[in-house]
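Notes to accompany the following structure.
Rule-based calculations on the coordinates, nothing more; no lab input. In this text the structure is predicted, and so the values were computed from the model without any measurement. Every residue, glycine among them, receives a Cβ derived from its backbone with ideal geometry; neighbour counts consider all protein chains shown.
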């Protein structure tokens, strides 16, 4: 991938959201603030969630934009937010929200690497105990390679 998709500044270990919509907005705002996407991408993330839930299991949700949101992506990137309390995500508990913006089809590669890293509940629990962005970055070091 042409740029580093996960940087320390894209990680929030103390998310404030208490609802699914707030969590999606929080994940999307990081992508906007760091220059990966245009502001409208957040609305496209919410639209995607209406079409199909982005809950992945193991307390993980991966919100991302709709197919037509690709035009709002400037470069591929991800945001990671950890929550101290579970958020109700369509009846499931979520404490890890990873926002994704993929240029072209790069998001498929990003999703694959995240899915592998988070496929074991034990790995997710380890990640949720991280107290710093550096710890999260170390966990996801594979996503950047």
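Residue ranges 45-56, 18-29, 124-135, 95-106 sort as 95-106, 18-29, 45-56, 124-135 when ordered by packing (mean number of other C-beta atoms within 10 Å per residue, highest first).
Take every Cα pair under 8 Å whose residues are at least 6 apart in sequence, average their separation, divide by the length of the chain, and the relative contact order is 30 percent.
Estimated at 0.36 nm per residue, the fully extended path between residue 134 and residue 51 surpasses their Cα-Cα distance by 26.5 nm. Of interest is the spacing of the C-alpha centroids, which for the stretch 12-34 and the stretch 48-105 amounts to 10 Å. Within the chain, DSSP assigns beta bridges of which about 70% are antiparallel (rounded to the nearest 5). In terms of its C-alpha gyration tensor, the stretch 4-48 comes out oblate, because a/c is 1.5 or above while a/b does not outweigh b/c. Note on the chain: Kirkwood hydrodynamic radius from all Cα pairs is 14.7 Å, rounded to one decimal.
Note on residue 4 and residue 125: with the Förster distance fixed at 30 Å, the Cβ-Cβ geometry gives a FRET efficiency of about 0.70. Computed over the chain, the per-residue total of -39500 (n - 2.57) for DSSP H runs of n ≥ 4 gives a 222 nm mean residue ellipticity of -10500 deg cm²/dmol, rounded to 500.
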